[in-house]
Structure formats: structure tokens, C-alpha cells
Amino acid sequence: MKLLTLLAVLIISEVTLAETIQIEFTEDDSYSIEVAHINIGDRIDWLPKSQGHNVEFLAGPKMDELPPNSKMNQFHSVVFRVPGIYLYGCTPHLNMGMLGLIIVGNDIHNLDQIKKIELSYVATSVLERLSIIAQSDSK
Ligand SMILES: [Cu+2]
């Protein structure tokens, strides 16, 4: 019985501790947070503060189970339960480097896989910059 109570407390505290991080689409074709660090179970909300953008997932720790893509100009919300790095971008602005990284649970085990994603020259250089930030944050 005590164990059950403890489990219940643990489950409840995990729920209440889960955070929501807000990322805006900006007027200069970028995401307001380019490298977001979150805990397992946290949620990210993307706010369409600027028109003409969306969220398209390009890579993640489970490549066959990426979060859903969003529709253009729409609010989007995803809860992240699998640790690792996620790469996403804006479908119409992908080639010009409108990208974002999400690091879940301080886990960058799949960084090399992320770096192998084929992107335009500009987007590749943006991804390199973001990868350096991700690595330095995670030490
Ligand atoms: Cu865009």
C-alpha cells in the first residue's frame, strides 16, 4: 500500500513538474528559440506570431516515429517523451535555414545522425551552428 502511494506521488509530481515552452515564429523567418532544452514529458507550443511558417520534423531519436508536422500559420503543440535531439524546420523556409533543435533529457546521442540529414548549403551551415550550441549546452 505504501509503495502504491509512493508511486502515485511520483506520477503526480512528474505531471505537475512538466513544463510548457513557447516558441514563436518570428518576422525574420526564424524560431524565437533555436535550441530548446527540455525535460522528458515537457511540451513545446509553437505560436504563429508571424505568418507564413510551420513546423516540419526532419529527424529525431526514433526516425520512424517523428512528431507530426504542423499546418501553415497554425498553433502547434507537441509533448516529447523520447530522449534525444529533434531537428525541425519550416517547410517553405527550410532551404534558407529556418531550423530548430530540441534536446530532450539532455541527451544528444543521435547528434551524428542529425548532422547527416541532407539540407541546402545555407541550412547545413545553420545546423552546424545550432549543433555547436547544443553540444556546449549539454556538457
Ligand atoms: Cu518559415
| request: Check the stretch 87-95 and report whether any residue there is over 25 Å from Asn39 (Cβ atoms) and of a type in the set (Ser, Thr, Tyr). | output: yes
| Sole exception among (1) away from the ligand (no atom under 12 Å from the Cβ); (2) surrounded by fewer than 16 Cβ atoms within 10 Å (Cβ to Cβ); (3) among the β-branched types (Val, Ile, Thr) for Thr26, by number | (1)
| message | For the stretch 38-78: of the residues being touching an Asp or Glu at 6+ places or on another chain (Cβ under 8 Å) and assigned to a strand (DSSP E or B), which is nearest to the ligand (Cβ to nearest atom)? | response | Trp46
| field | Selection within the stretch 125-139 - surrounded by 15 or more Cβ atoms within 10 Å (Cβ to Cβ) and either of a type in the set (Phe, Trp, Tyr) or touching a Gly at 6+ places or on another chain (Cβ under 9 Å) (or both) | value | Val126, Leu127, Leu130
| message | Gly100 - would you say it is under 17 Å from Asn39 (Cα atoms), surrounded by 14 or more Cβ atoms within 10 Å (Cβ to Cβ), more than 16 Å from the ligand (Cβ to nearest atom) and among the small types (Gly, Ala, Ser)? | response | no
| Restricting the stretch 79-94 to residues that are within 11 Å of the ligand (Cβ to nearest atom) and in contact (Cβ under 8 Å) with a residue 40 or more places away in the chain, which is nearest to the chain's Cα centre (by Cα)? | Cys90
| request: Filter the stretch 95-126 for residues that are more than 12 Å from the chain's Cα centre (by Cα) and under 24 Å from Gln51 (Cβ atoms) and give the result. | output: Asn95, Met96, Gly97, Met98, Leu119, Ser120, Val122, Ala123, Val126
| query | Is it true that some residue in the stretch 7-17 is under 23 Å from Asp137 (Cβ atoms) and surrounded by 14 or more Cβ atoms within 10 Å (Cβ to Cβ)? | reply | no
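Every read-out reported here was derived from the displayed coordinates using simple, explicitly stated rules and does not represent laboratory data. Every value quoted in this text rests on a predicted model; they were computed, and no experiment measured them. Note that we place each Cβ from the backbone using ideal geometry, even for glycine, and neighbour counts take in every protein chain shown.
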